[in-house]
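Quick notes on the structure that follows.
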Ligand SMILES: Cc1cc2nc3c(=O)[nH]c(=O)nc-3n(C[C@H](O)[C@H](O)[C@H](O)COP(=O)(O)OP(=O)(O)OC[C@H]3O[C@@H](n4cnc5c(N)ncnc54)[C@H](O)[C@@H]3O)c2cc1C
């Protein structure tokens, strides 16, 4: 067994968006930086690379969007109402979906640094596009932005990842792949580096500061069952197989304060045919987020979730938990021809668990394990409880609801009565975990006494206190970028400060 050692000012563990931003920011501040990444080079990029690339940032109007995407032509302007997303709206959405648990300091950093961090990402070479997919499509063909995530990264998660890897290469920041950080090195005055394993070799890294950006524990079935609860070991993993909770273990071993919603996570509706753990070759083809266009039934033949509670970006991240709680962790999204016409392309992929028939009876006959009589009764009852006196309007939360059902559909309710009918079998896909460690406003990890641990920083999914129960779409990448940059700046600044 060999032993190799390296030395840098700042060591960053993890090369997802948080780690790459931390490394670039620390380098910008004059530090010598090294990144250590557990994955081999061809699987690099963490959850970030699997992501859709949607980002939620404050913007005042089209000028702020143009600062990111470049000039928007007259035809595009004419058919689009880009609206705005104020800091108050961002706080409001974060507060509402987290049941007002989000920590004001954490939320404040995320919201108030979102716009400038997007511009900074642009200077690092990330390219953006207006995000049309998530917006209201008006009946006259115009698009009205629904607030929040107004842009996506060109090339999605792969795009943002490869732009930032290229930026690191341009700046000469070394990245050690296939190297797993295993523990922190401690000195009398705080953290002095990390220990790692590369193949059979032990590698040690000495540094003035360490940024942990290793993601959450979403890929670790044992930790999921332990912290999220029974059956979470059965959830499919939507992203990287490398996010096993290593960074959290190391931080807690160093005395970090556990913080945030340790029994909570982002989990959405995911195709039943998806593998246990996702692969880069599949990307997001198993995403099944168009439940607004139909209804969702469990094996008892019952609805269990208000499909129209709010816009998709504010509800999809909690649907996975609701599905996991159903018998056999399965559900079926049911659409008639009108609903099917609104489904995104990934529903049509070869791997999709898709069923189709000209009658509801024939459709239900194909669904293994569902109570068919009850399912038919549920659909019939749903159809007759739609408030037809409220006009359907896909351009806003239209209030077209059901009346008299134990589980209502609060908006966009339409009877399922136009053949052919389609069903998609779905299960719970976990995206990332919410539990993390407490950091201060410079990204330093705080210990259980409330004191910052000298030389130790955290970023990205490892930061606790932001998301509880649910999350507003696009805030994962945004928080990875904001807290990544913050921790990189903090780590570089800490090099000059005396440790006490
Ligand atoms: C399918 C999918 C779609 C998504 N879509 C969106 C979206 O459109 N918008 C949005 O805002 N968010 C989205 N997200 C969430 C978003 O991807 C994450 O919140 C964000 O990328 C987290 O960044 P991160 O850097 O903290 O973690 P990651 O990008 O996961 O990076 C963590 C890195 O740490 C490495 N690592 C782990 N352990 C070690 C160790 N011991 N030593 C060294 N390295 C280690 C991992 O290999 C990984 O590369 C999506 C996620 C998924 C899975």
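Per residue, the chain reaches -8000 deg cm²/dmol at 222 nm when only DSSP H runs of four or more residues are counted, each adding -39500 (n - 2.57).
Protection proxy ranking of 475-485, 14-24, 75-85, by the mean of other Cβ atoms within 10 Å over each peptide's residues and highest first, is 14-24, 475-485, 75-85. Panel order for 98, 48, 388, by other beta carbons found within 10 Å of each beta carbon, from fewest to most: 388, 98, 48. Residue ranges 122-128, 185-191, 260-266 sort as 260-266, 122-128, 185-191 when ordered by packing (mean number of other C-beta atoms within 10 Å per residue, highest first).
Working from label points 7 Å from Cα in the Cα-to-Cβ sense, the residue 185 to residue 3 distance is 1.1 nm. Modelled label positions at residue 133 and residue 206, each set 7 Å beyond Cα in the direction of Cβ, lie 4.8 nm from each other. Counting other Cβ atoms within 10 Å as a rough exposure proxy, the listed residues 421, 355 run 355, 421 from fewest neighbours to most. Residues 422, 346 in ascending order of nearby Cβ atoms (within 10 Å, fewest first): 346, 422. Across the range 267-429, Cα-Cα distances exceeding 20 Å account for 46% of all pairs. Taking every alpha-carbon pair under 8 Å whose residues sit at least 6 apart, the chain reaches a relative contact order of 24 percent. Extension gain, residue 362-residue 493: 0.36 nm per intervening residue step, less the Cα-Cα distance, totals 40.6 nm. What's the whole-number percent of alpha carbon pairs in the range 155-272 lying beyond 18 angstrom? So the portion of pairs separated by more than 18 Å is 64 percent. With a Förster radius of 22 Å applied to the beta-carbon distance between residue 119 and residue 282, the computed FRET efficiency rounds to 0.10. Mean sequence separation of contacting Cα pairs (under 8 Å, at least six apart), scaled by the length of the range 348-464, corresponds to a relative contact order of 22 percent.
The label-point distance for residue 75 and residue 373, in a model that sets each label 7 Å from Cα toward Cβ, rounds to 5.7 nm. Evaluated at q = 0.08, 0.12, 0.13 Å⁻¹, the base-10 log of the normalised Debye intensity for the chain, with identical point scatterers placed on the Cα atoms, takes the values -0.49, -1.04, -1.19.
As a calculated quantity, the FRET efficiency between residue 89 and residue 325 at R0 = 30 Å, using C-beta atoms, amounts to about 0.45. Our summary gives the range 267-429 a relative contact order of 36 percent, counting only alpha carbon pairs under 8 angstrom and 6 or more residues apart. Report the FRET efficiency, 1/(1 + (r/R0)^6), for residue 403 and residue 449, where r is their Cβ-Cβ distance and R0 is 51 Å, rounded to 0.05. The value I calculate is 0.40.
Read-outs throughout are calculated quantities, based only on the coordinates presented, and are distinct from any laboratory measurement. Quick caveat, the model's predicted, so the values are computed rather than measured. In this analysis, Cβ positions are derived from the backbone assuming ideal geometry, glycine residues included, and neighbour counts consider all displayed protein chains.
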